[in-house]
Amino acid sequence: MTMVIRGVAALALTALLSTAAQAQTKWDMPTPYPAGNFHTKNIVTFTEDIDKATKGAVKITVHPAGSLIKHADIKRSVRQGTAPIGEMIISLASNESPIYGLDSVPFLATGYDAARKLYAAQKPYLEKLLDKEGLKLLFSVPWPPQGIYAKRDINSVADLKGLKFRTYNATIGRIAALAGAIPTQIEVPDLPTAFATGRVDVMITSASTGVDTKAEDYLTHYYDTQAWLPRNMVFVNKDAFAKLSAEQQKAVLDAAKVAEERGWKASEEEMSIKTSALKAAKIKVLPPSPELKAGLAKIGETITTEWEASAGADGKAILAAFRK
Ligand code: PCA
């Protein structure tokens, strides 16, 4: 009798375990940028890779352009588990910790090699910070370098004075303030309306976002200042991740590693493709004048000093590792 009961119990357990193994995990993934943007496309490929590697057991649905959750709420939602996984631009959280703002310090790292080095120096601190929030970093990819869009000549920082300056993080707010401009935080999906209705006059962003938002409809000049390469990150709720089987976790991490490499490569290609696209759309693509360059460099120095002061010992260690 005992043998029979044991046998039945064992069978029931086996059935239960195999159901658990076959159970499908379905994740909704909020992202802030348009479906056609290279970051979003890279993320969609990342989810397809996971789907394949887990034989359909982990399905992630990407909801681009802030359609499921607005950019400003994505981190909180993933922390709370409302969404298990998400994407954001890291520097959107720079008001929470200077570590989140490092890649948007102007003129600290202006090319892809320097940006890679900066990421390597920042990564352990970024991971630690996210871990404290119950989050796990999966991968991080830069935008192409940031340049200034305007509807008239901007030959010096003084020419920015009094203009309504679109920002996407607190550091750009600081740049605007130092230039005597008026900062206004606006997300990419809202940019065309903001320009059309005169809420903003100028912005600093990539060639990529200029093309995505049809900058030619309301702007005429692009100054290729190569001021910094802000990075997005894809991150997951640690509890949600822990619920995956060991093989599924490995599939996610492997796909993340591949996505990071693919994304960095795509970003670099994007820089030249989209700069050409701006020219084709009749935007004047110009190098910054020496005066504008010098003025922006000075703002960059001020912000670097302020960043160092606010980031304390960790900040010093990161910058030392970066400058080594
Ligand atoms: N595009 C995004 C972030 C940086 C970029 O190049 C934006 O303008 O908000």
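Computed values, structure above
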item	result
Asp217 accessible area, assembled protein chains, probe 1.4 Å, Å²	110
Estimated FRET transfer efficiency (Leu253, Thr45; beta-carbon r; R0 22 Å; 0.05)	0.90
Cα gyration tensor shape for the range 111-182, rounded if a/c is under 1.5, else prolate or oblate	prolate
Calculated P(r) tail over 29 Å for the chain, as whole % of Cα pairs	41
Fluctuation leader among Asn42, Asn237, Asn155 - the chain, Gaussian network, Cα springs under 10 angstrom	Asn155
Solvent-accessible area per residue, Å², over the chain with all protein chains present [probe radius 1.4 Å]	46
For the range 241-324, the spread of Cα positions along each principal axis, largest first, Å	57, 44, 23
Partner aspartates and glutamates for Lys324 [C-alpha distance under 16 Å; skip if fewer than 8 residues away on the same chain]	Asp113, Asp314
Glu260 accessible area, assembled protein chains, probe 1.4 Å, Å²	30
Unsatisfied cross-links (Cα-Cα over 29 Å) in the set Lys70/Lys293; Lys41/Lys316; Lys164/Lys274	Lys70/Lys293; Lys41/Lys316
Accessible area of Trp228 in the full protein assembly, 1.4 Å probe (Å², nearest 10)	0
Choice from Ala83, Ala246, Ala150 with maximal GNM fluctuation in the chain (Cα, 10 Å cutoff)	Ala246
Fraction of beta bridges assigned by DSSP in the chain that are antiparallel (%, nearest 5)	55
Solvent-accessible area, 1.4 Å probe, carbon plus sulfur percent, for the range 169-287	57
Cross-link pairs Lys75/Lys243; Lys26/Lys243; Lys151/Lys282 - those with Cα-Cα distance over 22 Å	none
Computed [θ] at 222 nm, deg cm²/dmol, the chain (DSSP H ≥ 4; -39,500 (n - 2.57); rounded to nearest 500)	-16500 deg cm²/dmol
Karplus-derived HN-Hα couplings along the range 136-144 (A = 6.51, B = -1.76, C = 1.60, θ = phi - 60°), whole Hz, x at Gly and Pro	10, 6, 9, 6, 9, 10, x, 7, x
More than 27 Å apart - percent of Cα-Cα pairs taken over the range 158-289	34
Hull volume in cubic angstrom per residue (convex hull over the Cα atoms of the range 164-227)	81
Integer Hz, Karplus 6.51/-1.76/1.60 couplings in order for the range 151-157, x for Gly and Pro	10, 7, 4, 10, 9, 7, 4
Using a Förster distance of 35 Å, the FRET efficiency for Asp153-Glu308 (Cβ separation, nearest 0.05)	0.55
Rg/Rh for the range 72-191, where both radii come from Cα atoms and Rh is the Kirkwood radius	1.00
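The values are calculated or read from the model by the stated rules, or taken from the named source; none is laboratory data. In this text the structure is predicted, and so the values were computed from the model without any measurement. Backbone-built Cβ (ideal geometry, glycine too); neighbour counts: all protein chains shown. These area figures cover heavy atoms from the full protein model, side chains too; ligands, DNA and RNA do not enter into them. Shrake-Rupley method; radii C 1.70, N 1.55, O 1.52, S 1.80 Å.
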